[in-house]
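One structure below.
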Amino acid sequence: MKLLLVDDHALFRAGLKSVLPRLDGSLTLAEAGSCEEGLQRLREAPDADLVLLDLGLGDGKDRLHCLRRFRQADPTLPIVIVSAHESRDTIAAAVNAGASGYIPKSSDSALLIEALRLVLAGGIYLPPALIAGSAPSAQRPPTGLTPRQQEVLALLAEGLPNKAIARRLGMAEGTVRIHVTAIIKHLHASNRTEALAKAIRLGYVATLEED
């Protein structure tokens, strides 16, 4: 497994380097201290399996600048943000810009490893606090989704891939794909990642968690 770590704090990179081998015994880790250096590392090793990226590298006026550049360089590569910023809007914006996961830097090492395994399995990782937090019922917007679609969306928010959602809900994986397609269409999104980002921004994820 090949992983690229991009963060401008050498001490933080050193800490992660001691933890990440738990992910895979044969892990090959490349690191970079800037967005430009990270993109160069990616060009040198285009077969990377995952990128761990700090938020805010590159253009100081746009926290997502570097994420967008990585996503442009490789539209399918899983990119997980590791950041000290934990606001709902920031996380939703990162997912909307193409992040496959968002791990707060306050997380412990066990959670980090489990989150990365989830993303590598095809899921999307979001902080539990983001999913659990919600506004009072009277303030929640209606989702416009069917009850089954709401269940599927809630599990998408947990980061589960289609196969795991099918097992959890006791339905065929093909049926899950149909529901996911309907959710994407309903939210006027182009893919499940964008749909999830819109659901977070609209407050649907928190709504579903307590319904």
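No lab work stands behind these numbers, since they all come straight from the coordinates. Owing to the predicted nature of the structure, the values given are computational and were not obtained by experimental measurement. All Cβ positions, glycine included, derive from the backbone under ideal geometry; neighbour counts span all protein chains shown.
A compact table of results
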quantity: Expected 222 nm ellipticity per residue - DSSP helices of 4 or more, -39500 (n - 2.57), all of the chain, to 500; calculated: -14500 deg cm²/dmol
quantity: Leu20, Leu52 arranged by Cβ crowding within 10 Å, fewest neighbours leading; calculated: Leu20, Leu52
quantity: D (Stokes-Einstein, µm²/s), Kirkwood Cα radius, the chain, 1.306 mPa s at 10 °C; calculated: 90
quantity: Whichever lysines have a C-alpha closer than 17 Å to that of Lys185, once near sequence neighbours (fewer than 8 apart) are set aside; calculated: Lys198
